[in-house]
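Colleague: Let me begin by handing over the structure; questions about it come next.
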Amino acid sequence: MNESQLPRPPQDYAVMYVDMNAFFASVEQQEHVELRGRPVAVAPCTADSCCIVAASYEARAYGIGVGTRIGQARQRCPGLVVVGDSPALYRHYHEVIMAILQSTYCRVGVKSIDEAYLIVPSYARAEADILALIEVITSRIRTDLGEYIKCSIGVGPNIWLAKMAAGRNKPNGRTFVHLDALSSFYKGLPLVQCTGIGRRLARRLYDVGVSDTADLASRSLATMRSYLGVVGEKWYLRLRGYEVDIDAPRCRKSISHQVTVVGKRSLSATERRRYTAALAHRLSARLRGYGLYAGGIGLFVALTGFKGVHTHMISRSLTGDGEVTQAALGLLERLDLDGRQIRLFALYLDGLASVCQLSLPLCASAEAARDQSLSLAIDTIHRQFGPRSVLWASGLKAELVPDRIGFGNL
């Protein structure tokens with residue numbers, strides 16, 4: 001690549017990055033007045049061995065963060081309040097925030113449940129326009145969701161720099177990175193504090209004499225390519241403000257859900273069916289929420305000793321609760337699990353498509369259509385009255401598979 005082949009020259013104020021601050025904990029404080037101003041940790045359960053998934057800034061002052069075990073956190077902060085997570089509530093707040101961002105004149109890209117970027121159109125890339133846009137977004141969030149829902153916003157010439165800026169002054173920071181001040185932004189910045197540079201990549205760079213981010217940014221294109229190949233070329237451009245990180249439209253290829261078995265014990269046939277059915281109900285509801293059908297289904301069961309068994313089958317298009325559950329239970333029957341200690345169940349659907357591929361005989365398709373209609377009706381009831389308002393008989397133990405939000409996913 002020579003200079004004539006470089007992407008469009010970068011511009012200041014091209015990207016805004018919105019990073020919600022201590023999102024899960026802030027939502028809990030917004031919803032529960034008694035938690036405001038107190039150190040709060042969010043976790044899937046309250047056992048001392050469980051890991052924290054979010055901590056309020058009051059808790060972070062005690063060195064408590066994501067991954068801290070609750071027992072350790074309570075030792076550091078005796079007054080810590082540990083609350084169970086509320087995935088449905090966090091998704092609702094996320095949807096409101098995304099609606100606010102999408103109401104602007106910017107192109108919005110969702111990075112996770114609590115992060116998004118905005119590509120600012122060329123006619124609005126001036127400081128006054130950006131400041132006005134920030135005020136609109138933050139005031140809407142404050143009005144529509146509440147004063148405890150805060151965000152840090154970074155502004156830069158590309159997504160990566162805007163994200164780095166958003167992380168500089170938390171909580172509630174507003175940080176701008178300009179092209180003529182990149183050297184000062186990188187000064188003293190360790191490689192491992194750069195988004196996208198993990199310990200392994202940092203070690204490779206240290207081994208060739210790169211000391212920090214400012215040093216990396218000073219290397220030539222040819223040198224970066226010799227260090228890291230195409231990856232080095234991207235870093236050369238990224239560090240100079242060129243845009244190389246806009247997400248291309250992607251089709252979801254698969255979805256999965258898993259649950260850990262408490263105690264890592266052997267389960268009876270009835271218990272194994274309950275876990276599998278509960279997973280199937282969770283997964284089929286998500287599938288319909290995406291408006292998709294599945295052409296395959298797989299089941300993985302992890303055993304003690306870091307071993308596992310797996311089976312998969314290709315099927316006609318699946319979407320209804322009944323047919324997904326029937327297929328999942330059919331897979332379970334293939335596995336020899338009697339007397340074996342089980343650590344985890346994981347069910348996944350693949351071959352996803354937005355169009356149902358009808359199967360023969362036609363009576364099977366008619367049965368699937370009835371199952372889908374019933375499942376959609378149950379989805380509607382769940383949205384209005386809650387996820388436990390109506391249950392399939394096979395889903396009476398649905399609490400075995402609680403709702404969860406994976407890191408970086410919705």
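The values are calculated or read from the model by the stated rules, or taken from the named source; none is laboratory data. Keep in mind the model is a prediction, meaning the values are calculated, not measured. Cβ placement follows ideal geometry from the backbone for every residue including glycine, while neighbour counts extend to all protein chains displayed. Just the protein is used for accessible areas: all its heavy atoms, side chains included, with ligands, DNA and RNA removed. Shrake-Rupley method; radii C 1.70, N 1.55, O 1.52, S 1.80 Å.
Colleague: Tell me, in nm to one decimal, what length is gained between Gln11 and His92 on full extension, where the rule is 0.36 nm per residue of separation less the Cα-Cα distance?
Modeller: Separation in residues times 0.36 nm, less the Cα-Cα distance, equals 25.7 nm.
Colleague: Could you sort Asp321, Asp338 by their accessible area in this structure, using a 1.4 Å probe and putting the largest first?
Modeller: Asp338, Asp321
Colleague: Can you tell me the mean projection area, over all orientations, of the convex hull of region 93-156's alpha carbons? Units nm², please.
Modeller: 4.2
Colleague: Please report, for the Cα atoms of region 1-123, the Rg to one decimal and the Dmax as a whole number; what are they, in angstrom?
Modeller: My reading of the Cα-based Rg and Dmax gives 19.0, 61 Å.
Colleague: Sorted by accessible area (1.4 Å probe), largest first, how do Thr138, Thr304 line up?
Modeller: From most exposed to least exposed: Thr304, Thr138.
Colleague: Still on this structure, I have one more. Collect residues whose amide H, placed 1.01 Å from N in the peptide plane, falls under 5 Å from the amide H of Ser317; neighbours closer than 5 in sequence don't count.
Modeller: The list, which skips near neighbours in sequence, is Gln357.
Colleague: Could you sort Lys187, Lys150 by accessible area so the largest value comes first, with the probe set to 1.4 Å?
Modeller: These residues rank, largest area first, as Lys187, Lys150.
Colleague: So who's got an amide H within less than 5 Å of the one on Leu303, skipping anything under 5 residues away but keeping other chains? H placed 1.01 Å off N, in plane.
Modeller: Those lying under 5 Å, H to H, from Leu303 are Gly308, Val309, Arg343.
Colleague: Principal axis lengths of region 146-226 from Cα atoms, whole Å, largest first?
Modeller: 50, 28, 19
Colleague: For Ile134 and Asp338, calculate 0.36 nm times their separation in residues minus their Cα-Cα distance, and state this gained length in nm to one decimal.
Modeller: 67.6 nm
Colleague: Give the share of C-alpha pairs in each 5 angstrom bin for region 217-351, from 0 to the last occupied bin, in whole percents, shortest bins first.
Modeller: 2, 10, 17, 15, 10, 8, 6, 7, 9, 9, 5, 2, 0
Colleague: When only Cα pairs under 8 Å and 6 or more residues apart are kept, what is the percent relative contact order across region 100-149? Can you show the working numbers first?
Modeller: Numbers: 31 pairs, mean separation 13.8, N = 50.
Value for region 100-149: 28 percent.
Colleague: Calculated FRET efficiency, Met313 and Ser354, Cβ-Cβ r, R0 25 Å, to nearest 0.05?
Modeller: Efficiency at R0 = 25 Å is approximately 0.70.
Colleague: Let me ask something additional. Could you list log10 I(q)/I(0) for region 151-291 at q = 0.10, 0.12, 0.14, 0.19 Å⁻¹, which the Debye formula gives when each Cα is one point scatterer?
Modeller: For the requested q values the scattering log ratios are -0.57, -0.70, -0.78, -1.06.
Colleague: By per-residue mean of other Cβ atoms within 10 Å, what is the highest-first order of 10-16, 197-203? Walk me through the intermediate numbers first.
Modeller: Working: 10-16: 22.6, 197-203: 12.6.
Ranked from most to least packed, the peptides come out as 10-16, 197-203.
Colleague: Rounded to the nearest 10 Å², what accessible area does Lys111 have for a 1.4 Å probe in the complete protein model?
Modeller: Spelled out: Lys111, probe radius 1.4 Å, area about 80 Å².
Colleague: In addition: If you roll a 1.4 Å probe over the heavy atoms of the protein chains, what accessible area per residue do you get for region 182-271, in Å²?
Modeller: With the other protein chains kept in place, region 182-271 gives 59 Å² per residue.
Colleague: Can you spot the aspartates and glutamates whose alpha carbon is less than 18 Å from Lys170's alpha carbon? Ignore those fewer than 8 places along the same chain.
Modeller: Asp19, Glu58, Asp114, Glu115, Glu135, Glu147
Colleague: Also, quick follow-up: How large is ³J(HN,Hα) for each residue in region 111-125, as worked out from phi by the Karplus curve 6.51 cos²θ - 1.76 cosθ + 1.60 (θ = phi - 60°), to whole Hz, x for Gly and Pro?
Modeller: Rounded to whole hertz, the list is 9, 6, 5, 10, 9, 7, 10, 10, 8, 7, x, 4, 6, 10, 8.
Colleague: Say the cut-off is 27 Å between C-alpha atoms; which of Lys150/Lys234; Lys111/Lys234; Lys111/Lys253 go over it? Intermediate values should be presented prior to the final figure.
Modeller: Numbers: Lys150/Lys234 32 Å; Lys111/Lys234 19 Å; Lys111/Lys253 17 Å.
Distance filter (> 27 Å) returns Lys150/Lys234.
Colleague: Calculate how many DSSP beta bridges within region 103-245 are antiparallel, expressed in % of all such bridges and rounded to the nearest 5.
Modeller: Among the beta bridges of region 103-245, antiparallel pairing accounts for roughly 60 percent.
Colleague: Continuing with the same structure: Sort 87-93, 211-217 by the packing proxy (mean of other Cβ within 10 Å over each peptide's residues), most packed first.
Modeller: 211-217, 87-93
Colleague: Further question: Assuming 0.36 nm per residue, please report the length gained on full extension of the stretch Arg69 to Tyr105 beyond their Cα-Cα distance. Write down the numbers at each step before the final one.
Modeller: Details: separation 36, 0.36 × 36 = 12.96 nm, distance 4.25 nm.
Length difference between fully extended and current span is 8.7 nm.
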